[in-house]
1. Can you pull out every residue in segment 38-49 that is open to solvent by 10 Å² or more (accessible area, probe 1.4 Å) and over 14 Å from SER263 (Cβ atoms)?
2. Across segment 90-99, which residue is modelled with the lowest pLDDT among those that are under 23 Å from the mean Cα position of the chain (by Cα) and open to solvent by 80 Å² or more (accessible area, probe 1.4 Å)?
3. Quick check on segment 119-141. Is at least one of its residues in contact with a Gly (Cβ under 8 Å, 6 or more places away or on another chain), part of a helix (DSSP H, G or I) and surrounded by fewer than 21 Cβ atoms within 10 Å (Cβ to Cβ)?
4. Out of all the residues in segment 36-53, which are in contact (Cβ under 8 Å) with a residue 60 or more places away in the chain and part of a helix (DSSP H, G or I)?
5. Condition check: part of a loop (DSSP other than H, G, I, E, B) and buried (at least 18 other Cβ atoms within 10 Å of the Cβ). Does TYR81 satisfy that?
6. Quick check on segment 149-162. Is at least one of its residues β-branched (Val, Ile, Thr) and under 19 Å from the mean Cα position of the chain (by Cα)?
7. Listed residues LEU304, LEU294, LEU235, LEU308; which is over 27 Å from the mean Cα position of the chain (by Cα) and over 30 Å from GLU140 (Cα atoms)?
8. Looking only at segment 247-260, decide whether some residue is surrounded by fewer than 15 Cβ atoms within 10 Å (Cβ to Cβ) and of a type in the set (A, V, I, L, M).
Amino acid sequence: MAILKRDPRLTSWQSTLCGGVAGVLSRTATAPLDVVKILTQVGTFHSKQGFLNTFQLVYKAEGLQAFWKGNLTACVRLFPYSAVQLSAYHRLSVLFMDDLGQISPSKAILAGSVAGMLAAIVIYPTDVIKTRLIVQNSLEPTYRGIIHALYTVYYQEGFRPLYRGVSLSILGAVPFSAGLFFMDASLDRVWQVSGARLTPLQNFVNGCLAAAVAQTLSFPFETVKKKMQAQSHILPHCGGVDVHFNGVVDCFRQIVKIKGILSLWNGLTANLLKIFPYYGLMFSTFECCKRYFLYQNGYLVSPLSNQLMPGVDQSLGPWELQELRKFLRQKNIENRNPSLKS
């Protein structure tokens with residue numbers, strides 16, 4: 001289920017920029033919830049007194065700026081992540097298409113999941129760095145920024161810690177994809193219309209509900225992954241992780257044994273609360289950026305409205321429309337200045 005659908009009237013770089021700007025703004029606006037979610041997943045002292053008290057403890061311990069720890073890293077990684085994901089998704093979609101150029105919802109979700117996994121693996125070290133920056137004390141930091149963190153982790157701990165927990169990104173994609181597929185089939189029956197005829201509001205609701213179910217199913221893998229990313233002998237209190245373990249299986253076992261099976265979903269409240277503002281801001285920002293570029297490309301009469309430019313064939317791509325306009329302008333000039341016959 002695509003959240004931000006590419007408009008063929010935009011160029012590739014315009015679509016990437018729209019998605020990047022939408023991702024950065026929505027990620028920055030919901031960063032405090034993400035910080036609380038990760039601290040709760042890792043099990044630092046901030047999260048011992050419940051979801052709401054975590055905000056208060058973080059604020060008292062480190063100040064307001066602590067709610068945006070790791071946000072720059074998260075924003076920087078959006079662009080390479082999107083580039084790899086879109087490229088892989090395009091290639092896989094072509095591979096899964098039938099003879100008529102159509103792709104089923106299940107294959108589209110499979111293509112999206114595999115593309116997401118590939119993108120996550122390629123830029124996984126930045127996810128580790130984001131987690132490390134969040135769990136450290138920003139007033140007495142071990143890492144001074146993205147580059148310093150990468151350098152420090154690599155030279156003090158080696159290359160492997162930069163990919164610690166990467167297998168969980170692959171394993172977590174299975175329940176995540178299953179959740180997306182289930183919601184995709186169920187919501188189409190609820191609306192009683194095909195996905196192609198859904199309104200923007202219905203698409204938004206679909207996206208939020210599908211993300212909520214898919215993330216809930218895959219959340220235990222995410223929790224274990226965050227603990228593995230955070231655990232380090234370099235950081236004070238071993239990164240603040242509430243259980244100590246050796247490897248993925250042992251991490252699952254120790255969590256269930258010491259904290260109980262439900263602790264695998266610690267941080268889920270913050271994660272679910274983040275979904276609606278995150279996708280709401282992402283949708284609205286993406287649409288605003290898209291309207292601006294559609295106006296620049298000549299499809300709309302104004303970047304502030306959805307009114308189509310009269311007489312413009314909306315099925316033409318941006319380069320085709322540009323070439324057509326050049327041709328029409330040239331033809332106009334020739335008509336206004338007819339050659340003199342001797």
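1. The answer is PHE45, GLN49.
2. HIS90
3. Taking every residue of segment 119-141 in turn, none turns out to be in contact with a Gly (Cβ under 8 Å, 6 or more places away or on another chain), part of a helix (DSSP H, G or I) and surrounded by fewer than 21 Cβ atoms within 10 Å (Cβ to Cβ).
4. Answer for segment 36-53, where residues must be in contact (Cβ under 8 Å) with a residue 60 or more places away in the chain and part of a helix (DSSP H, G or I): VAL36, LYS37, ILE38, LEU39, THR40, GLN41, VAL42, PHE45, SER47, PHE51.
5. No: the conditions fail for TYR81.
6. no
7. LEU308
8. Within segment 247-260 (the criterion being surrounded by fewer than 15 Cβ atoms within 10 Å (Cβ to Cβ) and of a type in the set (A, V, I, L, M)), the answer is yes, since at least one residue qualifies.
The values are calculated or read from the model by the stated rules, or taken from the named source; none is laboratory data. Values in this document were obtained by computation on a predicted structure and should not be read as measured data. In this analysis, Cβ positions are derived from the backbone assuming ideal geometry, glycine residues included, and neighbour counts consider all displayed protein chains. These accessible areas exclude ligands, DNA and RNA; they are computed on the full protein's heavy atoms, side chains included. Shrake-Rupley method; radii C 1.70, N 1.55, O 1.52, S 1.80 Å.
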